[in-house]
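What follows is one structure encoded as structure tokens, with my remarks underneath.
Laboratory data are not the source of any read-out in this text; all were calculated from the coordinates shown. Computed from a predicted structure; not experimentally measured. Positions of Cβ are backbone-derived with ideal geometry, glycine not excepted, and every protein chain shown enters the neighbour counts.
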């Protein structure tokens with residue numbers, strides 16, 4: 001931990017409608033903030049053919065709505081930091097956010113990480129940090145010259161597959177999307193991975209056809225990980241972040257909004273919750289900031 | 001109660017952003033519904049010079065946003081019923097809504113009545129139904145040939161002042177807005193009304209200068225009345241409707257959204273809550289409708 005930590009009032013994680021709405025209001029309320037997410041905004045919105053229930057914009061395509069969201073951000077000089085946050089640590093007086101090797105400090109955090117689209121598989125959660133990793137940058141170096149499995153749900157992460165393949169001797173690759181990715185030491189697996197095996201440390205995976213492959217580690221490269229994986233101790237409710245009416249969570253100073261708080265998965269709900277989360281974070285900062293450091 | 005009652009799955013009260021959002025989703029979910037409110041939509045939105053935090057429509061004027069809301073409703077063939085709902089009665093199996101002498105039945109109700117902008121004065125709530133009324137059409141006939149006070153916060157209700165002045169012998173009129181309204185038997189009061197007086201029935205009002213005027217009844221013609229005045233037994237929280245995360249209220253089958261549920265008073269919050277309230281009402285109907293009648 002050195003002097004290279006950037007410090008903010010608020011860190012917003014996610015650039016779907018909820019994160020965008022939070023960021024717009026953070027700018028209006030004149031807070032220092034950083035917005036982490038995909039510069040292309042929500043892929044889920046982008047893929048929507050026609051959205052008919054975002055009031056005042058009838059019959060808009062998802063890509064056009066994303067274009068307008070981007071224009072709104074640009075008009076307010078809001079930049080997106082395209083780093084994947086791999087962990088949020090509640091240090092008590094503030095939050096430390098890790099993006100690979102980089103560190104960011106924020107007094108309040110707004111989670112707008114979206115619905116977890118990919119279910120966890122058996123052994124994944126149990127062996128997380130024990131041979132199972134969500135972050136190539138963070139943990140890749142542990143597997144130099146070893147054999148690993150990489151399970152990915154998005155083409156964007158293929159850069160990370162490259163990175164891992166440069167380190168590991170052998171990579172078993174199991175993408176859940178169509179791709180013609182290939183590389184000398186990367187072996188494509190048929191079907192899907194049913195479980196991660198191991199007692200105190202991951203030692204293999206079981207495929208959908210029942211076959212078992214021995215590995216030293218397993219990487220899940222997901223667009224979205226469950227929020228309680230990002231932030232330890234976050235209370236969940238049926239797989240969603242448990243929130244109060246003001247979008248506060250069980251962790252003081254941490255707020256959540258959008259699909260990660262549960263159904264209905266709706267753009268209008270997300271922008272509304274992002275707005276409320278930011279207002280609650282501002283109230284929280286006013287009450288707590290002076291007392292913090 | 002005759003055969004002239006119109007019946008709906010859902011009655012939505014209010015045509016601000018929350019009610020509009022609920023109605024749009026009611027249409028999409030193919031429910032039968034009626035939307036009560038002002039055909040000119042929200043006056044509060046209309047008066048907003050520039051709105052900068054409705055995501056995807058940066059720097060939009062309130063009147064332009066209302067124009068777009070209206071276009072969205074029109075594009076979906078959603079009509080506004082411009083009747084003022086004066087009471088909602090929970091009959092157990094359904095709700096009965098009164099608009100003056102007219103009755104409407106609905107299996108679920110969504111309250112989107114906005115923030116109560118005018119504070120109640122001393123005696124108002126205590127004597128409601130005992131000489132204090134919010135509805136000229138409902139109660140005007142009790143005051144034929146009598147002396148009444150009329151307190152109004154909106155020019156639109158001057159038609160009702162006319163109606164009351166035709167019935168009553170003398171009307172003391174106290175508008176909280178600028179108006180050149182005049183009529184032979186209508187006496188304009190200076191200042192404002194501090195309290196309604198009376199033990200078991202209203203018998204006078206006290207003005208801001210301390211003078212007391214004897215009256216037989218007092219009419220408050222408000223744009224918005226507190227939701228628990230509309231629907232008896234509705235649990236409130238600091239003057240707002242108490243709601244759960246799914247926008248359900250303490251009254252089964254009744255949902256609330258928008259400014260009437262409390263701060264922040266934001267358009268994005270309102271459209272989000274309207275969306276959620278409608279989805280929750282649809283779930284409620286699916287679980288309860290068959291069992292109702």
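Think of it as helices only: each DSSP H run of n ≥ 4 in chain B is worth -39500 (n - 2.57), and spread over all residues that comes to -7000 deg cm²/dmol at 222 nm. To the nearest ten degrees, helix A:158-167 and the longest principal axis of the Cα atoms of chain A are 50 degrees apart. Averaged over the residues of A:275-281, the number of partner chain Cβ atoms lying within 10 Å of the residue Cβ comes to 4. Remark: label point of residue A:180 defined 7 Å out from Cα along the Cα-Cβ vector; separations to the same position in other copies 7.9 nm, ascending.
Normalising by residue count, the protein assembly as shown has a Cα convex hull of 184 Å³ per residue.
Shielding by partners for peptide B:56-68, expressed as the average number of C-beta atoms from other protein chains within 10 Å of each residue's C-beta, is 4. Using R0 = 45 Å, the C-beta based FRET efficiency linking residue B:82 and residue A:119 works out to 0.35.
Copy-to-copy label distances for residue A:77, where each label lies 7 Å from Cα along Cα-to-Cβ, are 4.9 nm in order of increasing length. Kirkwood radius, chain B, all distinct C-alpha pairs, inverse of mean reciprocal distance: 20.0 Å. One compactness figure for the range B:229-293 is 1.15, namely its Cα radius of gyration divided by 2.2 N^0.38 Å.
Across the copies of the chain, residue A:191 has label points (7 Å from Cα along Cα→Cβ) spaced 8.6 nm apart, shortest distance listed first. Over the range B:197-268, Cα pairs under 8 Å with separation of 6+ residues give a relative contact order of 16 percent. For chain B, the relative contact order works out to 21 percent when only alpha carbon pairs closer than 8 Å and six or more residues apart are counted. Summary of packing: across the peptides A:244-252, B:226-234, the per-residue average of other C-beta atoms within 10 Å ranks them, highest first, as B:226-234, A:244-252.
Taking every alpha-carbon pair under 8 Å whose residues sit at least 6 apart, the range A:132-221 reaches a relative contact order of 36 percent.
Comparing mean-square fluctuations of B:125, B:47, B:67 from a GNM of chain B with C-alpha springs under 10 Å, the top value falls on B:47.
Per residue of A:23-29, other chain Cβ atoms within 10 Å of the residue Cβ number 3 on average. Between the helical axis of B:62-75 and the longest alpha-carbon principal axis of chain B there is an angle of about 60 degrees.
Closest approach of a chain A beta carbon to the axis mapping chain A onto chain B (residue, whole Å): A:272, 1. Computed from the C-alpha gyration tensor, the three semi-axes of the ellipsoid equivalent to the range A:132-221 are 17, 16, 11 Å, from longest to shortest.
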